[in-house]
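Contents: one structure, followed by commentary.
Coordinate-derived values only; no laboratory data. In this text the structure is predicted, and so the values were computed from the model without any measurement. Note that we place each Cβ from the backbone using ideal geometry, even for glycine, and neighbour counts take in every protein chain shown.
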Amino acid sequence: MKTNRRSDFRTIAQAFQKVVCACPMYFLFICMIDLLLGLALALNTVALDHFFSVIGQYIAEETVLIRVLSSLILLLLCILANPVLNGISTVFGLDYERKVIGKLEKMFNHKCAMQQASYFEKISFLDDINKAHEGVKNSVSLITGIVDATLIYIPYFIIIGTYLYRLKPNLIIIIFLFFLPAMFSQMFKSRLYARLEDKAAPLRRECEHYEECIIGKEKFKETRLLGAYDFFIKKYKNRLQTLNNEIVKTQVKSIRIELLLKVSVLFGQVLTLLLLVKYLLDGSISVGNFGAVLASTGMIMDMLEQMICYIIGNAMKKIGTVDNYFKFMNIEERLGNEINCETAPAIELKNVSFSYPGSKQDAISNISIKFKSGETVAIVGENGSGKSTLVKLISGIYLPDKGGVYFNGQDTKTLEPKSLMKNISSVFQNFQRYKMTLQDNIIISDTSIIPINECVENALKEADLNMSSKVFPQGINTMLSRDFGGVDLSGGYWQRVAIARGFYKQHNMILLDEPTASIDPVEESKLYMKFMEFSREKTSFIVTHRLALTKMADKIVVMDQGKVVQTGNHKELINIDGKYRDLYTSQSKWYVEN
């Protein structure tokens, strides 16, 4: 994502369109309340002036008491309208913001999902996401702030300005003496906070990571057992201090600008008082006019300060993050043609190479290989040989840097990801442990079909998961999280849940990347036999370190340093002097000795 700043007006216009379109009728209701509030605030001064004038006329016996009472009632209605309308604006405004933020979050998450998976290996891309996510909430508060300024404050100042001008044209200068310097100061502050956000995003991510290492449930035990608590605390404090230093530097500069603004406020108040005294002494205004304007001066200055410093000021602080949000939302998505694959696909790799962002070495180097429809393929090799990366390229999760992966003759670069993944199921070694019920943990793999208990139970049986009432007291409705009053499972149980999740999804191609690492060898063999039965007439890829299980595969692919060094079945490869026989022999020694 490019780092150049766009026009603030362009950013505001784009944010306005998104926020308004999210809940248009609700937006109009908020606008109506804000406009009424602005009018009520302005009428306070006019009603006060009218009341003072009527009181003067009554004292001079130029009017009747009923007129005094009616002007008093009008003044009271204006005063009471302010807190009522302000309360309605606050309550409904907060509710409106929550609704719109929810919709913008949904669009943001969809945008992230439509990016290439390999992008998430880039540090710069992760920083872009962090900065963009800050702009989700700020987009809403930016627009609501501008709407408040437009419909509450601007009508107020138009009415007050008209009143002051009609009273004495020179009095209008008090508004401009404050308004113009304040606007310029906020423009400078917006640039300050935009630069701060560019520096703060990577520091925030580091702090979040160290927090997770210190208190995160997944890392808490190991941190304590290693005695690494003090180590992470030091790291956290160091990055937090750096982040705070950047924030303080920006705030100091902002305060200096704010100080100049306060000077202009003081100057405006002094000038207003001097002008009012002059006009009162020369008879240009009445005592009632003097009292009304003087009583309203504080409110005028407060309203100006609220609009410029808090409404517009906060908007200017946030506009940098909003700009980051829309730049991220404008990134091109990974799109393509839909594919309807009703049969087990044939896969072909042609001169495929792939490297991870920031790496100078290819993880996969110039691989060309074909896999038949319905073929069961075992992928073996030492750690770091490129097995998992190859599987991710075959599935279309990653796209190759060079060459092409062809899914039934169609290049995965030209295919729409969701359509491609629709008929692919998978079980990875680093599976997710969702804090949901057992049933939800299973059906999440295929939300396109209506959940049927029988299908869930069949998937659990295929995964050989023992549905003991001690482990699962509520059966498939057992909550798998102690955080929400449920139970936690052992690593082996969790792995079987992940396997059942893979079995549940309707598919014609399955990827198994070390799916049984937490299961003992005897149970593992049984599961692999079920894999073979379950995968008949489906294209299957199994990544495993245990070569005793590769005998069941139709084809074995042997990887070494990102390259395919051997292919064939077990009988063919075991009789050839090569990498496969070396790996198989070295493993068989351990089993024999044990």
TODO: Helix by helix through the chain, keep the DSSP H runs that span 24 Å or more along the axis on Cα and average at least 1.0 on Kyte-Doolittle, and give those back in order.
DONE: 24-59, 287-305
Task: Option label - Rg and Dmax of the Cα atoms in Å computed here, alternatives (1) 28.1, 90; (2) 34.5, 122; (3) 25.9, 88 - done: (2)
Task: Cβ charges +1 (Lys, Arg) and -1 (Asp, Glu), total dipole of region 305-455, debye - done: 380 debye
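Please compute the contact order of the chain in relative form: average sequence separation of alpha-carbon pairs under 8 Å and at least six residues apart, divided by the residue count, as a percent. Provide the component values of the computation, followed by the final result.
Details: 823 pairs, mean separation 90.1, N = 594.
For the chain, the relative contact order is 15 percent.
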TODO: Return HIS545, HIS133 ranked ascending by Cβ neighbour count within 10 Å, so the fewest neighbours appear first.
DONE: HIS545, HIS133
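Quick check: net charge around VAL352, other residues with Cβ under 9 Å of its Cβ, Lys/Arg +1 and Asp/Glu -1?
Computed value for this residue: +1.
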Task: Label-to-label distance, nm, for residues given as ARG536 and LYS571 (7 Å Cα→Cβ offset) - done: 2.0 nm
Open item on the list: Quick check: residue separation of HIS209 and ASP582 times 0.36 nm, minus the Cα distance between them. What number comes out in nm?
Closed with: 130.2 nm
Open item on the list: Can you give the FRET efficiency to the nearest 0.05 for ASP302 and ASP401, using r as the Cβ-Cβ distance and R₀ = 41 Å?
Closed with: 0.10
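Taking square-rooted eigenvalues a ≥ b ≥ c of the alpha carbon gyration tensor, is region 376-508 rounded, prolate or oblate, where a/c under 1.5 means rounded and, failing that, a/b exceeding b/c means prolate?
On the way: a/c = 2.51, a/b = 1.85, b/c = 1.36.
Prolate is the answer for region 376-508, as a/c is 1.5 or above and a/b outweighs b/c.
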- [ ] Can you pull the one-decimal nm distance between simple spin-label points at GLU338 and PHE231, each 7 Å off the Cα toward Cβ?
- [x] 5.2 nm
Open item on the list: Just to check I understand the Karplus step: with θ = phi - 60° and J = 6.51 cos²θ - 1.76 cosθ + 1.60, what whole-Hz values come out for region 332-345, glycine and proline as x?
Closed with: 5, 8, 7, 10, x, 7, 6, 10, 10, 9, 8, 10, 4, x
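Only Lys, Arg, Asp and Glu count, each charged at its Cβ (+1, +1, -1, -1), so figure out the dipole size of the chain about its Cα centre, rounded to 20 debye. It would help to have the intermediate numbers written out before the result.
Details: 69 positive and 60 negative charges, 220 e Å.
Charge dipole of the chain: 1060 debye, to the nearest 20.
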Open item on the list: Can you give me the distance in nm between label points at PHE120 and LYS199, each placed 7 Å from the Cα along the Cα-to-Cβ direction?
Closed with: 3.1 nm
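Can you tell me the length gained on complete extension of the stretch HIS110 to ARG10, counting 0.36 nm per residue apart and subtracting the Cα distance?
Details: separation 100, 0.36 × 100 = 36.00 nm, distance 2.31 nm.
My answer for the length gained is 33.7 nm.
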- [ ] Please report SER425, SER359, SER373, SER448 as a ranked list, fewest other C-beta atoms within 10 angstrom at the top and most at the bottom.
- [x] SER448, SER359, SER373, SER425
Open item on the list: Could you give each residue of region 408-416 its phi-based ³J(HN,Hα) in whole Hz, using Karplus coefficients 6.51, -1.76, 1.60 with θ = phi - 60°, and x for Gly or Pro?
Closed with: 6, x, 10, 5, 4, 5, 9, 9, 6
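Would you mind classifying region 457-552 by shape? Square roots of the alpha carbon gyration tensor eigenvalues, ordered a ≥ b ≥ c; an a/c under 1.5 is rounded, otherwise it is prolate if a/b is larger than b/c and oblate if not.
Taking the square roots of the gyration eigenvalues as a ≥ b ≥ c, region 457-552 is prolate.
Can you sort ARG334, ARG191, ARG224 by how many other beta carbons sit within 10 Å, fewest first?
If I rank by nearby Cβ atoms, fewest first, I get ARG224, ARG191, ARG334.
Which FRET efficiency value, to the nearest 0.05, is calculated for LYS418 and GLN241 with the Förster distance at 45 angstrom and r the Cβ-Cβ distance? Don't skip to the answer; put the middle values down first.
Numbers: r = 44 Å, r/R0 = 0.97.
Result of the calculation: an efficiency of 0.55.
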TODO: Take MET32, project a point 7 Å from its Cα along the Cβ direction, then tell me which residues of region 65-87 have their backbone nitrogen under 20 Å from it.
DONE: 81-87
- [ ] Amide H neighbours of VAL543 under 5 Å, at least 5 residues apart or on other chains, H built in the peptide plane: list them.
- [x] ILE379, LEU512, ASP513, GLU514
